[in-house]
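> Before I ask anything, let me first share the structure, which is written out below as structure tokens.
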Amino acid sequence: MRLRSVRSVHALLLLATLIGAAVACASPTRPLPDGGRRVLFIGNSLTYTHNLPRTIADLAKSVDETPLVHRMVAYPDYALEDHWFFDIASDIRRGDWQLVVMQQGPSSLLENQEHLRIWSQRLDGVVKEVGARSALYQVWPSVFYIGSFDAVRTSYRNAALNVGGMFIPAGEAWQAVWAADSGFAFYSGDGLHASRLGTYMTALVHFEMIYDRPATDLPDVAVVNGATLDESPARVAFMQQKAHETVLAWGIK
């Protein structure tokens with residue numbers, strides 16, 4: 001996942017947009033129902049892999065919470081700058097959103113941290129214009145740069161603080177689990193995207209941040225994008241506890 005200059009590779013981004021639409025990376029633009037927690041997700045494959053928004057919505061449904069009314073605008077390898085130049089402002093201005101969750105690549109390098117700060121601030125101007133709040137979803141580095149987890153956390157947390165937004169410490173929760181038990185396979189085979197288990201862990205943190213309700217209230221069954229994972233109740237409960245502890249330690253609501 002790398003940050004790219006829109007000005008220098010505009011044609012490639014257009015191609016990525018077309019490909020992204022073909023592989024269902026963005027939610028359809030059908031009318032959304034009224035009510036519910038209204039959340040727009042903006043990002044790339046670290047959001048649409050295993051359908052993170054739907055997984056969060058299913059968690060809320062499992063404990064009879066207010067429905068998550070959501071839309072996802074996410075395309076392969078997109079940074080926030082790319083979304084801006086392809087008119088994400090129009091998506092933000094539609095839907096009566098309460099929260100706009102945004103992410104790009106790991107953004108661990110200093111220049112990429114600045115890039116995240118600048119473009120999250122640009123999007124936040126539109127978010128505030130419509131009376132919503134921005135949320136920065138902390139992702140994770142690839143397995144090849146696993147030592148940069150803390151830098152990723154710092155990058156996303158600082159970007160959230162810069163706009164007075166929510167900070168969702170999903171990547172930090174992965175580390176919290178591994179500190180106690182390294183046997184949880186949160187990466188998929190490509191060493192970058194989340195496995196289904198990694199998506200579940202990520203969704204737990206989002207659920208607690210969005211609903212302000214402990215992940216430990218959830219059923220001890222892991223369901224991701226409608227599919228039940230073969231995980232024991234004890235392992236699921238352990239992940240829920242670590243998600244809760246991470247939110248208490250690092251989350252900004």
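Read-outs throughout are calculated quantities, based only on the coordinates presented, and are distinct from any laboratory measurement. The structure presented is a predicted model; accordingly, all values stated were derived computationally and were not measured. Positions of Cβ are backbone-derived with ideal geometry, glycine not excepted, and every protein chain shown enters the neighbour counts.
> Scan the stretch 66-122 residue by residue and report those that are among the small types (Gly, Ala, Ser) and on the phi < 0 side of the Ramachandran plot.
74, 79, 89, 90, 105, 108, 120 - these are the residues of the stretch 66-122 that are among the small types (Gly, Ala, Ser) and on the phi < 0 side of the Ramachandran plot.
> Further question on the same structure: Identify all residues within the stretch 93-118 that are out of contact with any Phe, Trp or Tyr (no Cβ under 8 Å at 6 or more places or on another chain) and more than 10 Å from residue 39 (Cα to Cα); write none if there are none.
93, 94, 105, 109, 110, 111, 112, 113, 114, 115, 117, 118
> Any residue at all in the stretch 198-213 that's more than 17 Å from the chain's Cα centre (by Cα) and exposed (fewer than 15 other Cβ atoms within 10 Å of the Cβ)?
Scanning the stretch 198-213, I find no residue that is more than 17 Å from the chain's Cα centre (by Cα) and exposed (fewer than 15 other Cβ atoms within 10 Å of the Cβ), so the answer is no.
> Among the residues of the stretch 48-70, which ones are in contact (Cβ under 8 Å) with a residue 40 or more places away in the chain, closer than 14 Å to residue 219 by Cα and assigned to a loop (DSSP other than H, G, I, E, B)?
Those that are in contact (Cβ under 8 Å) with a residue 40 or more places away in the chain, closer than 14 Å to residue 219 by Cα and assigned to a loop (DSSP other than H, G, I, E, B): 63, 65.
> Shifting gears a bit: Just name the residue that is surrounded by the most Cβ atoms within 10 Å (Cβ to Cβ) out of those in the stretch 226-247 that are touching a residue at least 24 places away in the same chain (Cβ under 8 Å) and not in a helix (DSSP H, G or I).
By that ranking, first place goes to 231.
> Test of understanding: among 190, 212, 230, which residue is out of contact with any Asp or Glu (no Cβ under 9 Å at 6 or more places or on another chain) and within 24 Å of residue 39 (Cα to Cα)?
Going through 190, 212, 230 in turn, just one is out of contact with any Asp or Glu (no Cβ under 9 Å at 6 or more places or on another chain) and within 24 Å of residue 39 (Cα to Cα): 212.
> Also: Which of the residues that make up the stretch 98-148 are out of contact with any strand residue (DSSP E or B) (no Cβ under 6 Å at 6 or more places or on another chain) and basic (Lys, Arg)?
If the condition is that a residue be out of contact with any strand residue (DSSP E or B) (no Cβ under 6 Å at 6 or more places or on another chain) and basic (Lys, Arg), then 117, 122, 128 are the ones that fit.
> Let me ask something additional. Hey, among 77, 87, which residue is more than 21 Å from residue 38 (Cα to Cα) and either touching a Ser or Thr at 6+ places or on another chain (Cβ under 8 Å) or among the acidic types (Asp, Glu) (or both)?
On the way: 87 fails: more than 21 Å from residue 38 (Cα to Cα).
Matching residue, one of 77, 87: 77.
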